[in-house]
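Following: one structure in structure tokens, then a few remarks.
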Amino acid sequence: MASLVTKKSVLFAKFVKNASNNSKRLSSHFIYFPDNEKPVQGETTKMNMMQAINNAMDITLKNDPTAVLFGEDVGFGGVFRCALGLQEKYGKDRVFNTPLCEQGIAGFGIGLATAGATAIAEIQFADYIFPAFDQLVNEAAKARYRSGGMFPCGALTVRAPSGAVGHGGLYHSQSPEAFFAHAPGLRVVVPRGPIAAKGLLLSCIRERDPCIFLEPKILYRSATEEVPVEDYTLPLGKAQVLREGDAATLIGWGTQVHVLLEVAQMAEEKLGIKCDVIDLQSILPWDEETVCNSVKKTGRCLISHEAPLTSGFGAELAATIQDECFLHLEAPISRVTGWDAPFPHVFEPFYLPDKWRCFHALSQLINY
Amino acid sequence: MSKIIPSTAKLLAANTITKAVPPVSATTSSKYSTKSEAKFEIKPYKLHKLDKGPALSTTLTSEDALKLYEHLAVLRRIETASGNLYKEKIIRGFCHLYSGQEAVAVGMRAAMRDVDSVITAYRCHGWTHLMGVSVLGVLSELTGRRTGCSRGKGGSMHLYGKNFYGGNGIVGAQAPLGAGVAFAHKYRGDGGVTFTLYGDGAANQGQLFEAYNMAKLWDLPCVFVCENNGYGMGTSVDRSSASTDYYSRGDYVPGIWVDGMDVLASREATRYAIEYCTSGKGPLVMEMETYRYSGHSMSDPGTSYRTRDEVQEVRQTRDPITSFKEKIISNELVTPDQLKEIDAKVRKEVDEATKQSKSEPEVGIEELSGDIYYNNLEPYIRGIHPNAPLEHVNVMPRN
């Protein structure tokens, strides 16, 4: 990866490289860093994130006779085609379209899961999850607790495409992870690529608590990796350290992980420093141990997410880190995020916490 | 006007629709049709909890025929231009075309009065234009330029105009808003009626039933208009709805089924609905059966859940523009030459607007943080490094 950037350091060249590396979409704001490490040995196939998610659901439907997949237009695969071919394979009684009623989809899934089925519900865009917010926060999250453990709906997994996509505008771009992180009883997970998506989705489906699985939609086709063919899971509640260093800790999830990986690379080349890059993966519960150990080592921490700053999940991380690592910190924790503005239609490139913003914040963090 | 068609002068004098400009300028009188009006039968309405429906026949003047034709043609043309701009990647994001459904909006608008209001979902380009926004205002909103009716900040789904409460992005979310707008009409006593439009897909959203209840409970002047185009995204009505009689799904709210491919049926039904609501009887549901030629949005080719033959058949047998054109020509209300003249005018208008919508600049970057609040208590908008904050700006004048 490092060799990619060695010679051409002028801005324009980078811009062109960035653009050409990202399926010709000029507004893409990141370079995809594929995973090289496989979680399990054995045969692999090249898959993009959409195919990896499809594969995880295929495995589930094959091995779990109670598993059911439903959502708006999932019959022909859903708008992003994650369920492609599954209805033909498993029948219309197990993979089916719902009416356009998100609250109904969530409530239906909760009932189904409570009654013993493995329910996988797709909300077409995470932006449309808000009509279902009541069901997820007031019903799903509290079901186990309020029934004294007798009626949990843990077999429910709600999948929803989230995050910026280059041109989504107000209602096809939001990242609602922080809203759900405020609801004890839920699990919230965001994958960064195909290998992670398959392992984490299978974990969510098998997890005995209801999970919100937010899939960064820009990665569906632009992220490709050699994904193990066989069944595997990745632990929930565990972060991954993707790059190691001692100068600062960079924390992100989803697409933003790739922005931070590039920032770490830039920092090594331009500032001669090495950074820890952590993919949080699980937003709720999040991996305090990995994060705090890293910050204690580096003494500096930058958190970045696409969602707005105020009450973004970075706020929760920063509060815990200062509590746990206070005497180790060399500088205030830095958050680089979307603005406190609605997600803009024409200004997406200016809204996103891109590598330049992150790099600028990192430079200041280092020189504090 | 009387110089062109003397016999219509008397008729039109009693017409409530104001005529600012003749639809076409007169050059040679031989180009114009001789008949000033004709009577048309309307496909019977289906009624739910109503004793009497709208009139089953209607009279159309040649002047109105031309006006309706022009509106139908301009709506179709706007959508063709939008589709092309999207394919050229000048329109980004999400874009939902109205082609095939024009008769619903055009017919309704023809019966509406200036005091009435409209709220709809994201298939809103045509409605916005009919509610008074210029073609340029629509197209340059789609391209995200400053001349757009929402300054380019809303995009395809969020167009607004006077008495037009928008394009709304979330399926069904506009329905309760429509009830609220109707309440405002009632509270102010201005005699206005709100037309709350939603699709057959949104007809299954719970919010709609909450809105029905409030509207009936308080007898609001609200017409819930279900534009049934046969498909909620990629799922046909039969596969998504336990009852496809959308006009009857308001239960205690009376309803009418209307042939939404016939601009005259749509106009008459709307006339009836206005009369019904303004007489204090409360809300009404109006199902307009129609068809969309394109996919749900530009990312849907529209062929995976229906056959190409089905689309072709509708185009050939039920197209709202072609069928209206045949009707008015065969009844000698207009001549083919007059329609050609309109076609040319519409093409020119939309082509020019398309060109301009590509060349206009976007609003300045400072508007990224513009109009988030009425009065932002802190001067800055948070989100990036404290050394480089964005100032909140009031772009639209505060009153």
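General remarks:
- Number of residues in the stretch B:130-141 that are assigned to a helix (DSSP H, G or I) and more than 10 Å from chain A (Cβ to nearest Cβ): the value is 7.
- Considering residues of the stretch A:129-179 that are in a helix (DSSP H, G or I) and more than 24 Å from A:G116 (Cβ to Cβ) only, the residue nearest to the chain's Cα centre (by Cα): A:E177
- Evaluation of A:I123 against the conditions (1) surrounded by fewer than 24 Cβ atoms within 10 Å (Cβ to Cβ); (2) touching a Gly at 6+ places or on another chain (Cβ under 8 Å) shows that the sole unmet condition is (1).
- The number of residues in the stretch B:364-381 being part of a loop (DSSP other than H, G, I, E, B) and either out of contact with any strand residue (DSSP E or B) (no Cβ under 8 Å at 6 or more places or on another chain) or hydroxyl-bearing (S, T, Y) (or both) comes to 7.
- B:D337 being in the same structural domain as B:Y86 (by TED's automatic domain parsing) and not in a loop (DSSP other than H, G, I, E, B): yes
- Among (1) surrounded by 22 or more Cβ atoms within 10 Å (Cβ to Cβ); (2) at pLDDT below 95, the one test that B:S82 misses: (2)
- Residue check for A:I278: aliphatic (A, V, I, L, M), crowded, with 21+ Cβ neighbours inside 10 Å, touching a Phe, Trp or Tyr at 6+ places or on another chain (Cβ under 8 Å) and within 20 Å of A:V241 (Cα to Cα): no
- For first residues located in the stretch B:199-224 and farther than 24 Å from B:V237 by Cβ, partners that are basic (K, R) and lie 6+ apart or on another chain with Cβ distances below 6 Å form the pairs B:L220/B:K186; B:P221/B:K186.
- When residues of the stretch B:281-328 are limited to those that are among the aliphatic types (A, V, I, L, M) and in contact with a Gly (Cβ under 9 Å, 6 or more places away or on another chain), the one farthest from the other protein chains (Cβ to nearest Cβ): B:L284
- Any hit, the stretch B:110-129, residues being touching a helix residue (DSSP H, G or I) at 6+ places or on another chain (Cβ under 7 Å), of a type in the set (F, W, Y) and assigned to a helix (DSSP H, G or I): yes
- Within the stretch A:319-341, the residues that satisfy the criterion of being of a type in the set (V, I, T) and more than 10 Å from chain B (Cβ to nearest Cβ) are A:T320, A:I321, A:I333.
- Just one of the listed residues (B:R306, B:R315, B:R292) is crowded, with 17+ Cβ neighbours inside 10 Å and among the basic types (K, R), and it is B:R292.
- Helices (runs of 4 or more DSSP H) wholly inside the stretch A:18-120 that include at least 3 residues being among the polar types (S, T, N, Q): A:49-63
- Looking across the stretch A:145-162, the residues that are in contact (Cβ under 8 Å) with a residue 12 or more places away in the chain, surrounded by fewer than 22 Cβ atoms within 10 Å (Cβ to Cβ) and not hydroxyl-bearing (S, T, Y) come down to A:F151, A:P152, A:G154.
- Subset of the stretch A:319-338 (residues that are among the hydrophobic types (A, V, I, L, M, F, W, C) and over 19 Å from the mean Cα position of the chain (by Cα)): A:A319, A:I321, A:C325, A:F326, A:L327, A:L329, A:A331, A:I333
- For the stretch A:55-108, the set of residues classified as hydrophobic (A, V, I, L, M, F, W, C), within 10 Å of chain B (Cβ to nearest Cβ) and under 13 Å from A:A121 (Cβ atoms) consists of A:V74, A:F96, A:C101, listed by residue number.
- Any hit, the stretch A:258-267, residues being in a loop (DSSP other than H, G, I, E, B) and either crowded, with 20+ Cβ neighbours inside 10 Å or in contact (Cβ under 8 Å) with a residue 60 or more places away in the chain (or both): no
- Test: A:W286 is crowded, with 24+ Cβ neighbours inside 10 Å and either aromatic (F, W, Y) or without any contact (Cβ under 8 Å) to a residue 40 or more places away in the chain (or both): no
- Candidates A:K92, A:K142, filtered to the one that is free of Cβ contacts under 8 Å to residues at least 24 places away in the same chain and either within 20 Å of A:Q51 (Cα to Cα) or out of contact with any strand residue (DSSP E or B) (no Cβ under 6 Å at 6 or more places or on another chain) (or both): A:K92
- Qualifying residue in the stretch A:37-49 (condition: assigned by TED's automatic domain parsing to the domain that holds A:G193, at pLDDT 95 or above and closer than 30 Å to A:K142 by Cβ): no
- Residues that are at the interface with chain A (Cβ under 8 Å from one of its Cβ atoms), more than 21 Å from B:G232 (Cα to Cα) and over 17 Å from the mean Cα position of the chain (by Cα) within the stretch B:150-207 comprise B:G152, B:K153, B:G154, listed in sequence order.
Table: residues versus (1) over 22 Å from B:R292 (Cβ atoms); (2) hydroxyl-bearing (S, T, Y); (3) without any contact (Cβ under 8 Å) to a residue 60 or more places away in the chain; (4) not assigned by TED's automatic domain parsing to the domain that holds B:S299.
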residue: B:V138; (1), (2), (3), (4): no, no, no, no
residue: B:N168; (1), (2), (3), (4): no, no, yes, no
residue: B:A173; (1), (2), (3), (4): no, no, yes, no
residue: B:G178; (1), (2), (3), (4): no, no, yes, no
residue: B:H185; (1), (2), (3), (4): yes, no, no, no
residue: B:G189; (1), (2), (3), (4): yes, no, yes, no
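- Count of the stretch B:151-176 residues, restricted to those that are surrounded by 22 or more Cβ atoms within 10 Å (Cβ to Cβ) and either of a type in the set (S, T, N, Q) or closer than 19 Å to B:V346 by Cβ (or both), is 3.
- Considering the conditions (1) within 14 Å of chain A (Cβ to nearest Cβ); (2) on the phi > 0 side of the Ramachandran plot, B:Y246 is excluded by exactly one of them, (2).
Here is a yes/no grid of residues against (1) more than 30 Å from B:W218 (Cβ to Cβ); (2) not basic (K, R):
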residue	(1), (2)
B:R145	yes, no
B:S150	yes, yes
B:H158	no, yes
B:G161	no, yes
B:L177	no, yes
B:G180	no, yes
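- Residue check, A:F359 in a helix (DSSP H, G or I) and either among the charged types (D, E, K, R) or within 17 Å of A:V263 (Cα to Cα) (or both): yes
For (1) surrounded by 18 or more Cβ atoms within 10 Å (Cβ to Cβ); (2) part of a strand (DSSP E or B); (3) of a type in the set (A, V, I, L, M); (4) within 11 Å of another protein chain (Cβ to nearest Cβ), each residue gets a yes or a no:
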residue	(1), (2), (3), (4)
A:L302	yes, yes, yes, yes
A:H305	yes, yes, no, yes
A:S311	no, no, no, yes
A:E316	no, no, no, no
A:F343	yes, no, no, yes
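The values are calculated or read from the model by the stated rules, or taken from the named source; none is laboratory data. For clarity, every value in this text was computed on a predicted model and none was experimentally measured. Glycine gets a Cβ as well: all are built from the backbone with ideal geometry, and neighbour counts include every protein chain shown.
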